[in-house]
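The values are calculated or read from the model by the stated rules, or taken from the named source; none is laboratory data. Please read these numbers as outputs of a predicted model, since none were measured by experiment. Cβ coordinates were reconstructed from backbone atoms using ideal geometry, including for glycine residues, and neighbour counts include every protein chain displayed.
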Amino acid sequence: MKIQRTDLIPLGWNEWFDKRTECAPEDTVARIAAVDRDLLLVMDRTGTFRAKLAGRYLYRHHLSQERPCVGDWVCIKKAPTDDLGLVHTLLERRTALRRKSAGDSVDFQMIAANMDHVIVVQSCHYDFNLKRLERYLVMVRDGGAEPCVLLTKTDLVAPEVLASQVAEIRAAGITAPVLTLSNVTREGIDELKQTLQPAKTYCFVGGSGVGKSTLINQLLGRQTLLTSDVSGTGEGRHTTVRRELLLLEGGALVIDNPGMREFGILGAESAVDDSFANITALASRCRYRDCGHTNEPGCAVRAAVDSGEISQEHYDHYIKLRTESEFYKMSYIEKRKKDRDFGRFVKSVKKHFKDQ
Ligand SMILES: Nc1nc2c(ncn2[C@@H]2O[C@H](COP(=O)(O)OP(=O)(O)OP(=O)(O)O)[C@@H](O)[C@H]2O)c(=O)[nH]1
Ligand SMILES: [Mg+2]
Ligand SMILES: [Zn+2]
């Protein structure tokens, strides 16, 4: 019989996990609140405590996506006298947010898991960038959480500037809710607070210096997270260095993240198509069912670009993200195949020496 873990509901647990949980009755089920290299900070109804991954788990799970990240649920062995728990199972993720890891390596980087909403934060002062926003929204869609756009620092721009940014977002066919606020005047903070529901998890992501930690401190009502001044150009200083899950007094859970400069798209082709629905909706009128909307004859998408119904820039960005996603996916598959082949080779060499 499955155990119903109702005591975990305030931490974001729900029946979806009840149906899937693989933890033993004597295990502690807890949620990852932070990851500090090998050390995990986990949360259960008794509070937070430290844990680490069991050796057996590390041995069996090499992929970055298989390692627990903030927001994950895990099964832990822990005797009452132990001060360090041993994580031996990672529960299936209901939603997740990941990106292509920064730099040249082609790998996934997990941002967080099991969030209900991802709030993509940009400052309307210097930081606003529609293309970057579209990148984030593709990966949010890919991971299955509800997206929301938040523009901060409204105290620093004229109302017309803010209005034109919101209009640009809408003109790009983005239908996610758009909230605006200032951490200085507090305008818009109450509206945001009202949208935060108990036991739901909200993950805040965006560039450095946009005010994510300042906002979460406001929501907490105390200076828990470190924040710091931005430079004259608005570029942040990467003040937050770890992802962290926090419980608000009102019962909502929030995840603060370090600012991210790049947000690479990997293995999210169908999410790209869904995100650019105003383009892909035209596909039914293309001559070929598998039309790639590039050079095929009778392409309704190309026709719409030619007639000006879809802007060239919007179309170009769609093609760019789709190509990027496919390219990295191919590289990722190839890399994994090489790793596997190499693993087999090592095994065969070891066997060869053993046999001699
Ligand atoms: N004028 C203005 N300044 C703000 C606002 N929100 C935050 N700031 C300031 O912007 C700076 C950066 O804020 P942080 O909260 O550290 O930004 P962050 O997004 O957490 O940055 P990282 O941790 O580096 O990712 C601080 O000096 C804040 O006081 C706002 O709404 N208006
Ligand atoms: Mg921060
Ligand atoms: Zn087409």
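Here is a yes/no grid of residues against (1) of a type in the set (Lys, Arg); (2) under 18 Å from the mean Cα position of the chain (by Cα):
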{"residue": "LYS153", "(1), (2)": "yes, no"}
{"residue": "GLU168", "(1), (2)": "no, no"}
{"residue": "ASN183", "(1), (2)": "no, no"}
{"residue": "ARG186", "(1), (2)": "yes, no"}
{"residue": "GLU191", "(1), (2)": "no, no"}
{"residue": "VAL205", "(1), (2)": "no, yes"}
{"residue": "GLY221", "(1), (2)": "no, no"}
{"residue": "ARG243", "(1), (2)": "yes, yes"}
task: Run down ASP229, ASP273 and say which single residue is within 16 Å of ligand 3 (Cβ to nearest atom), in contact with a Lys or Arg (Cβ under 8 Å, 6 or more places away or on another chain) and more than 18 Å from VAL120 (Cβ to Cβ).
output: ASP273
field: strands (runs of 3 or more DSSP E) wholly inside region 106-223 that include at least 1 residues being more than 16 Å from ligand 3 (Cβ to nearest atom) and under 30 Å from GLU92 (Cβ atoms)
entry: 108-113, 117-123, 146-152, 201-206
statement: For region 305-335, the count of residues that are surrounded by 12 or more Cβ atoms within 10 Å (Cβ to Cβ) and either in contact (Cβ under 8 Å) with a residue 24 or more places away in the chain or in a loop (DSSP other than H, G, I, E, B) (or both) equals 18
- line: Taking region 152-172 and keeping residues within 28 Å of ALA113 (Cα to Cα), in contact with a Gly (Cβ under 9 Å, 6 or more places away or on another chain) and of a type outside the set (Lys, Arg) leaves THR152
- request: Check region 257-274 and report whether any residue there is in contact with a helix residue (DSSP H, G or I) (Cβ under 7 Å, 6 or more places away or on another chain), more than 16 Å from ligand 2 (Cβ to nearest atom) and closer than 18 Å to ALA171 by Cβ.
  value: no
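Within the group GLU168, GLU262, GLU244, which residue is of a type in the set (Asp, Glu), surrounded by fewer than 17 Cβ atoms within 10 Å (Cβ to Cβ) and in the same structural domain as VAL149 (by TED's automatic domain parsing)?
On the way: GLU262 fails: in the same structural domain as VAL149 (by TED's automatic domain parsing); GLU244 fails: surrounded by fewer than 17 Cβ atoms within 10 Å (Cβ to Cβ).
Testing whether each residue is of a type in the set (Asp, Glu), surrounded by fewer than 17 Cβ atoms within 10 Å (Cβ to Cβ) and in the same structural domain as VAL149 (by TED's automatic domain parsing) leaves just GLU168.
If you take the residues of region 196-225 that are of a type in the set (S, T, N, Q) and surrounded by 15 or more Cβ atoms within 10 Å (Cβ to Cβ), which of them is farthest from ligand 2 (Cβ to nearest atom)?
Going residue by residue through region 196-225, those that are of a type in the set (S, T, N, Q) are 197, 201, 208, 213-214, 217-218, 223-224.
Narrowing the set further to residues that are surrounded by 15 or more Cβ atoms within 10 Å (Cβ to Cβ) leaves 201, 208, 213-214, 217-218.
Details: THR201: 18, SER208: 7, SER213: 3, THR214: 8, ASN217: 9, GLN218: 13 Å.
Restricting to residues being of a type in the set (S, T, N, Q) and surrounded by 15 or more Cβ atoms within 10 Å (Cβ to Cβ), the top hit is THR201.
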Of the criteria (1) assigned to a helix (DSSP H, G or I); (2) within 16 Å of ligand 1 (Cβ to nearest atom); (3) hydroxyl-bearing (Ser, Thr, Tyr), which one THR280 fails: (2)
